Amino acid sequence: MDTNLATNSNESLSTKLAVHDLSFYYGKFKALANVRLDVYERQITALIGPSGCGKSTFLRTLNRMNDLIPGARAVGEILLDGQNVNSPTMDVVDLRRRVGMVFQRPNPFPISVFENLAYGPRAIGNPGRAELSEIVETCLHETGLWDELRDSLSRPALGLSLDQQQRLCVARALAVRPEVILMDEPCSALDPIATLKIEDLMRELRRDYTIIIVTHNMQQAARVSDWTGFFLLGELIEVGATRQIFRQPRDQRTEDYITGRFG
């Protein structure tokens with residue numbers, strides 16, 4: 001398994017997440033095998049591979065969402081700024097604040113736009129109305145929604161268009177000021193125009209956040225990511241600078257997948 005980065009220099013980049021020999025089990029089934037990966041700060045890392053290869057499982061290990069599944073367990077280290085995510089002393093609530101998640105389908109709460117964005121800050125603190133209003137406005141600006149929704153903050157979030165709902169879910173994640181944003185196929189339910197809006201948003205957020213995206217859309221991975229990792233049957237086969245992965249993959253299995261020979 002080749003996990004050496006190439007083409008882009010990583011010498012000046014800071015490692016935000018370091019994954020060392022991570023295996024993951026659903027009961028007796030081994031879903032991930034000895035994954036090793038460095039995720040760099042303020043970069044976009046895309047994870048590609050066929051369905052069922054372990055991409056989404058891996059993504060959920062990074063903020064321990066898999067803890068909610070009976071019989072699931074992780075073996076190995078995931079270091080977030082040097083702190084082992086899998087340590088029993090890890091505050092999982094704080095971990096999920098620091099490492100936010102945006103899911104495949106938009107899932108706004110059945111409350112107003114304002115209350116969707118206020119939910120997280122209220123859960124972790126006691127902000128006043130003025131502070132909440134500032135958080136809401138900032139997050140809507142960051143996701144390009146302020147001009148669209150500034151006069152509709154009391155509007156039910158479920159009444160928004162799908163792309164607005166997905167951007168609202170990103171804004172909701174930003175409201176608690178995470179350090180890492182995990183995106184599990186965030187454009188799979190969207191049309192091409194809405195997809196481009198989300199991709200533009202990812203590029204903007206990259207200035208301040210570390211982003212990891214799971215996608216089946218290889219063109220999307222090529223467009224938005226700095227680094228790409230290819231998963232197959234629970235293994236991380238190859239990871240490198242996106243340009244290198246798509247133009248000169250080192251592993252034949254990576255090339256076969258990218259060129260459509262399987263998957």
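The values are calculated or read from the model by the stated rules, or taken from the named source; none is laboratory data. Everything quoted here is computed from the prediction, not taken from an experiment. All Cβ positions, even for glycine, are placed from backbone atoms using ideal geometry, and neighbour counts span all protein chains on display.
Take the residues in region 211-244 that are within 15 Å of the chain's Cα centre (by Cα) and among the hydroxyl-bearing types (Ser, Thr, Tyr); name whichever of them is nearest to LEU182 (Cα to Cα).
Filtering first and then ranking leaves THR215.
Across region 31-55, which residue is farthest from the chain's Cα centre (by Cα) among those that are assigned to a strand (DSSP E or B), surrounded by fewer than 22 Cβ atoms within 10 Å (Cβ to Cβ) and of a type outside the set (A, V, I, L, M, F, W, C)?
Only one residue tops the list, namely ASN34.
Out of the residues in region 56-87 that are of a type in the set (S, T, N, Q) and outside any strand (DSSP E or B), which is surrounded by the most Cβ atoms within 10 Å (Cβ to Cβ)? Please lay out each step first, then the result.
Step one: filter region 56-87 for residues of a type in the set (S, T, N, Q), giving 56-57, 61, 63, 66, 83-84, 86-87.
Of the ones still in play, those that are also outside any strand (DSSP E or B) are 56-57, 61, 63, 66, 86-87.
Working: SER56: 21, THR57: 22, THR61: 25, ASN63: 22, ASN66: 20, ASN86: 16, SER87: 11.
Among those residues, the one meeting the criterion is THR61.
For region 185-263, which strands (runs of 3 or more DSSP E) that fit wholly inside it have 1 or more residues that are in contact (Cβ under 8 Å) with a residue 60 or more places away in the chain and over 28 Å from ARG97 (Cα atoms)? If you could, list the steps in order and put the result at the bottom.
Numbers: elements: 210-214, 227-232, 235-241.
So the answer is 227-232, 235-241.
Only one of these conditions is not met by ILE111: (1) among the hydrophobic types (A, V, I, L, M, F, W, C); (2) farther than 16 Å from VAL35 by Cα; (3) surrounded by 15 or more Cβ atoms within 10 Å (Cβ to Cβ). Which number is it?
Condition (3) is where ILE111 drops out.
Can you tell me which of LEU168, LEU149 is more than 22 Å from the chain's Cα centre (by Cα), hydrophobic (A, V, I, L, M, F, W, C) and modelled with pLDDT of 95 or more?
On the way: LEU168 fails: more than 22 Å from the chain's Cα centre (by Cα).
So the residue among LEU168, LEU149 that is more than 22 Å from the chain's Cα centre (by Cα), hydrophobic (A, V, I, L, M, F, W, C) and modelled with pLDDT of 95 or more is LEU149.
Mind checking which residues of region 124-145 are free of Cβ contacts under 8 Å to residues at least 40 places away in the same chain and in a helix (DSSP H, G or I)? Spell out the reasoning first.
Taking region 124-145 and keeping what is free of Cβ contacts under 8 Å to residues at least 40 places away in the same chain, we get 125-134, 136-141, 145.
Within region 124-145, ARG129, ALA130, GLU131, LEU132, SER133, GLU134, VAL136, GLU137, THR138, CYS139, LEU140, HIS141 meet the criteria.
Looking only at region 1-27, count every residue that is modelled with pLDDT of 95 or more, charged (D, E, K, R) and more than 22 Å from ARG98 (Cα to Cα) and tell me the total.
Adding up the residues that qualify gives 1.
Considering every residue within region 20-30, establish whether at least one is surrounded by 15 or more Cβ atoms within 10 Å (Cβ to Cβ) and under 30 Å from SER161 (Cα atoms).
no
As an exercise: evaluate ASP94 against (1) assigned to a loop (DSSP other than H, G, I, E, B); (2) among the charged types (D, E, K, R); (3) farther than 17 Å from GLN166 by Cβ and give the number of the one condition it does not meet.
(1)
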